[in-house]
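To start, the structure itself, in structure tokens.
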Amino acid sequence: MHILIIHCHPEQQSFNGSMTRTAVKELEGAGHSVEVSDLYAEGFDPVERDEHYQNRVDTKRFDILSEQRNAYKTGTLPKDVQREIYRLEKCDLLILQFPIWWHQQPAMLKGWFDRVFVAGGLYTSKMRYDKGYFRGKSAICSVTSGAPESTFTTNGRGGGEIEVLLRSITFSLHYMGFTVLPPFLSAEIQNKDFTYMSPEKFELHLKKRVHPINAYFLL
């Protein structure tokens, strides 16, 4: 199986970074091939803008969907978008690794969705859901949060169950044809200013979250 990890965190030494590195090691150790798309490290531009398109349909008004359709049709998509599409086309399993910021994904990852899932090329009115471009592929969200896992309940202060918080992301993946697997939540990932447990207990907690990656992702 070929696995693509979309890694979305600006700090390489973060827990998200550890999750991605561990996933690569364990998944490759299990005989799979793994590719990582590190959005911050590779300088991916999450902002859709007119200068991304050299062969414009209309230079007086920036109509995003029209420009995406035309660029796909004429083979003039921005190079970073072409790269991400190529990676997606190769993978059997897509893993999105990111932190929950303000009850949703980072803006960098939202921009990746906006720019990479190209209108007229990767989806149309007749190419979506069970007929989507990526049908036959699976996707999973591996997310981190500083809040305790007990807060991710219907009336919890974490904003609700994690499946609810991730609904817009998972629905977009479903729209594109992916079979969406249950999310993998790593909670209570604290920093120096926000702590819920002793350093010793936290270290044990981190080890328990990192090492079941292979078994969970390949259910």
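Values in this text are rule-based calculations from the coordinates and carry no lab data. In this text, all values refer to a predicted model and were calculated from it rather than measured experimentally. With ideal geometry, Cβ positions are generated from the backbone for all residues, glycine too; neighbour counts draw on all protein chains shown.
Each Lys and Arg Cβ is given +1 and each Asp and Glu Cβ -1; about its Cα centre, segment 2-217 then shows a dipole of about 520 debye. For segment 2-217, pairs of C-alpha atoms spaced more than 23 angstrom apart make up 50 percent of the total.
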